[in-house]
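The values are calculated or read from the model by the stated rules, or taken from the named source; none is laboratory data. Everything numeric here is computed off the predicted structure, so don't read it as measured data. Positions of Cβ are backbone-derived with ideal geometry, glycine not excepted, and every protein chain shown enters the neighbour counts. Ligands, DNA and RNA are excluded from the accessible area calculation, which covers all protein heavy atoms including side chains. Shrake-Rupley method; radii C 1.70, N 1.55, O 1.52, S 1.80 Å.
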Amino acid sequence: MSQEPRSDKPYYVHESSYVDEPCQIGEGTKIWHFSHVMRDCVIGQRCNIGQNVVVSPGVRLGSNCKIQNNVSLYTGVILEDDVFCGPSMVFTNVVNPRSEVVRKDEYKPTLVRRGASIGANATVVCGTTIGTYAFVGAGAVVTHDVPDFALVVGNPARLSGWMCRCGIKLDVAGEKVGCRVCGTTYRLHEGALSFA
């Protein structure tokens, strides 16, 4: 079985997966086994969409996103460039779902900003924003916005530290913070971390 892009498309879709039209898929993106990309989605370049992934109507993915196995990206989810979604993590899109009550007009958007990582089996409650280069620990339940560069863990997810753009936990001892691995420098001021 070939893993090269179809000759008529600049992206790869495994033969067991479905891509509904219309949608936009960027060059170099790969969609693996048993996945379903629904209509009106926009998927950037060089994304990697794992096995058994559902991308619901209207979802937006930036470039270079990595979606691991068993993730459902529901309507209202927007991922900026370089986002990582760990295996079996969960997005929601309705705060108070009931089987017998139709609430499709009540979907709340979820925004995951550039470079953020969401660990395996984490849950992100709709209506939240996960900040730039934030890191959501495995199994965490995100019920509120996550600041840029924040490390959040637990249920509900709480601030546990700060992460470098390179994915290393930062040692914070004052207002100026430097990564011991890549050397990137940051400034911690009034509970927010930013590039120095």
- Note on the structure: When restricted to GLY174, GLY183, GLY127, the only residue free of Cβ contacts under 8 Å to residues at least 40 places away in the same chain, within 23 Å of ASN93 (Cβ to Cβ) and of a type outside the set (A, V, I, L, M) is GLY127
- Task: For SER35, indicate whether it is small (Gly, Ala, Ser) and at pLDDT below 95.
- Result: no
- Message: Here is a list: GLY154, GLY167, GLY119, GLY115. Which entry is under 26 Å from GLU190 (Cβ atoms), touching a residue at least 12 places away in the same chain (Cβ under 8 Å), open to solvent by less than 70 Å² (accessible area, probe 1.4 Å) and under 13 Å from the mean Cα position of the chain (by Cα)?
- Response: GLY115
- May I ask you to list the residues in region 170-196 that are surrounded by 15 or more Cβ atoms within 10 Å (Cβ to Cβ) and of a type in the set (A, V, I, L, M)? LEU170, VAL177, LEU188, LEU193
- Checked region 36-68 for anything farther than 13 Å from VAL13 by Cα, out of contact with any Cys (no Cβ under 8 Å at 6 or more places or on another chain) and open to solvent by 50 Å² or more (accessible area, probe 1.4 Å); matches are GLN45
